[in-house]
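This report refers to the structure that appears directly beneath it.
The values are calculated or read from the model by the stated rules, or taken from the named source; none is laboratory data. Here the structure is a predicted model, which is why all the values come from computation and not from measurement. Cβ placement follows ideal geometry from the backbone for every residue including glycine, while neighbour counts extend to all protein chains displayed. Surface accessibility is based on the protein's heavy atoms, side chains included, excluding ligands, DNA and RNA. Shrake-Rupley method; radii C 1.70, N 1.55, O 1.52, S 1.80 Å.
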Amino acid sequence: MKVLGINAIYHDPAAALVVDGRVVAAAEEERFSRRKHGKRPLPWSAWELPELSAAWCLAEAGIRPEELDAVAYSFDPALMVTPEETGLFDDGDVMRKRYAQMAPDFLAHALPGLDPAKVHFVKHHVAHAASAGKAAPQRDNAVLVLDGRGEAHSHLAGRYVDGQLEVLAGQALPHSLGLMYEELTDHLGFLRSSDEFKVMAMASYGKPRFLGELSELVRATGDGGFVTERIDFSEFAPRLGKDEPWTEDHADLAASVQTRLEEVLVDLARWVHEQTGEKTLTMAGGTALNCVANTRILAESPFEHVWVQPAAGDAGTALGSALHVAHELGDRTDPMPGAALGRGWTDDEIERWLQTAAIDYERPDDVAETVAEVLADNGIVAWFQGRSEYGPRALGHRSLLAHPGFEANLERMNDVKGREQFRPVAPMVLLERAPELFSRGPIPSPYMLFVHDVAEEWRDRIPTVTHVDGTARIQTIDAGTEPLVHRMISAFERRTGLPVVVNTSLNTAGRPMVDDPRDALECFGSAPVDLLAIGPFVVRRPRPTPRPTPRPTPRS
Ligand SMILES: [Fe+2]
């Protein structure tokens, strides 16, 4: 069966293609349209489809729209209730419902040849659930969907047995942990349903001194669900406008909400474990991108393994809905093979881009060695290799790399990216060396979805990536699955004694991650980056960028 998955209703529009049970392509629309998050999550944008990513998925597999067996749309308008019944009183839902009902016709227009009768509506949280429970390597698992909202719910608890979902609980709106966190994001002057990770970063600067009050307002109910009462955040800290400086009160509020979120999530995880007895918990939904909470769930729930969908936000529902419908049509679906499911280019194609740009480039014997040399000299490297990542994290395919041994490199990287200075940057570490440097979170940790404690003796050796609270959000690099990245970090370790490099996404402020070679050249051309490593080629900045001194002393 050939099933195209579509996410369009709220934000992060995306498309994914599953053929005979195998995930062959998945990509977010923003990487094609170059508009961050694809669109704003407003009712009147609900009709906008991931047209470019959908067309690419089909082209990648050589499939015409009329050859599709089904299109899975990750929202079911028939399950919506009225704005009054949700308790959210969001009149925009009337428009969302109408646009969702019309999606089959919109899709047939966007993909000429598609029969609109082949469009299946999939419940939003079933799509999220499948993106976790059917994409994880462990076929039988418990599943938690932790979201802002779907048609009428904000959460799902269930289990997958032999690929079949059994739903055990679902929390009805207006109660929503995701919407609570979004409200706080907005209160702190950040962009709602986009900047939640900034709140998580701010929380590490505060103390949870409002936890007592919040424990009354936000609590698990013992039946798999929870309550989120309306919170007036201004009782704790005044509302902030965009770019307004935050105070200790704001950090303490962020810490309090973060801590309470973690506690409730641990309760929900314990409940679903009691019901299922499974060893593995899988998770999706925007709240499952909260890597601090994920580590706590792993540490404090009885689950042996926690697997989180790397595209845990709504983009991942494109993949989940496609897997769900493929299963319904009789296919046995495979786990996802990794997050590198987007566009990739041959060496010849990349070289043609470089020739078109008429810039000097080299083809070194081993790009990994050349990159390691520049990094060891404290240069910044734009790293463009293989297929692009599905989900919000750069995982060694579209990355900006730097030396982790300089404290000043944090400010430098945040400046290059135009980010707030309180935000951490993350390390990539050789998998086999990771247990020596990092603890508490799981190892391997290939998708940067957990936080780890940095070992005391390593904190001053890798200060760029050691957050203020002594943690780091690591990505482990397995030589088997990421041989080139592994070789590059190994070459860096030979020069510096550090089996770690700084890894942040290859983009600048307000822009989506780089996806194609032209994006890479534009980013390199406009940002203070010393080297672009694109496929087997490198492009050098004629003059070195300003860099902090002194250099650290390598230890063996
Ligand atoms: Fe969602």
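Convex hull volume of the Cα atoms of the range 418-556, normalised per residue: 139 Å³. Charge dipole of the range 115-219 (Cα centre as origin; +1 on each Lys and Arg Cβ, -1 on each Asp and Glu Cβ, all else neutral): 180 debye, rounded to the nearest 20. Each Lys and Arg adds +1 at its Cβ and each Asp and Glu adds -1 at its Cβ; summed about the Cα centre, the range 343-540 shows a dipole of about 480 debye.
Starting from the Cα of ARG495, step 7 Å along the direction of its Cβ; do the same at GLU66; then give the gap between the two resulting points in nm. Inter-label distance under the simple model: 5.6 nm. Ellipsoid fit via the Cα gyration tensor, the range 152-203: semi-axes of 30, 13, 7 Å, each the root of five times an eigenvalue, largest first. Using only alpha carbon pairs under 8 Å that are at least six residues apart, calculate the relative contact order of the chain and give it in whole percent. The value is 15 percent.
Between GLY320, LEU265, LEU437, the Cα set farthest toward the positive side of the dipole of the chain (charges on each charged residue's Cβ, about the Cα centre) is that of LEU437. With a simple spin-label model that places each label point 7 Å from the Cα along the Cα-to-Cβ direction, the separation between ILE359 and THR346 comes to 2.4 nm.
Here the extension length gained between ASP460 and LEU88 equals 129.1 nm, from 0.36 nm per residue of separation less the Cα-Cα distance.
In order along the range 431-437, the Karplus-derived 3J(HN,Hα) couplings, from 6.51 cos²θ - 1.76 cosθ + 1.60 at θ = phi - 60°, round to 3, 6, 8, 4, x, 6, 9 Hz, and Gly and Pro are given as x. Projecting the Cα atoms of VAL500, ALA520, LEU484 onto the charge dipole of the range 477-531 (Cβ charges, centred on the Cα centre) puts VAL500 farthest toward the positive pole.
The distance separating the Cα centre of the range 42-96 from that of the range 118-177 comes to 17 Å. Take the Cα of GLU304, step 7 Å toward its Cβ, do the same at ASP20, and the gap between the two points is 3.3 nm.
Taking the Cα atoms of the range 388-472, the ratio Rg/Rh between the radius of gyration and the Kirkwood radius comes to 0.94.
Between SER176, ALA26, HIS120, the Cα set farthest toward the positive side of the dipole of the chain (charges on each charged residue's Cβ, about the Cα centre) is that of ALA26. Shape class of the chain from the alpha-carbon gyration tensor: oblate, with a/c at 1.5 or above and b/c at least as large as a/b.
Within the same chain, lysines fewer than 8 places from LYS123 are excluded, and of the rest, those with a Cα less than 17 Å from its Cα are LYS97, LYS134. Computed with a 1.4 Å probe over protein heavy atoms only, the accessible area of THR346 comes to about 80 Å². Within the straight-line cut-off of under 25 Å between alpha carbons, the lysines reachable from LYS242 are LYS36, LYS39, LYS198, LYS207, LYS417, sequence neighbours fewer than 8 places apart in one chain being disregarded. What separates the Cα centres of the range 473-538 and the range 268-313 is a distance of 29 Å.
Only DSSP H runs of four or more residues enter the estimate; each adds -39500 (n - 2.57), and after division by the residues of the chain the mean residue ellipticity at 222 nm equals -10000 deg cm²/dmol.
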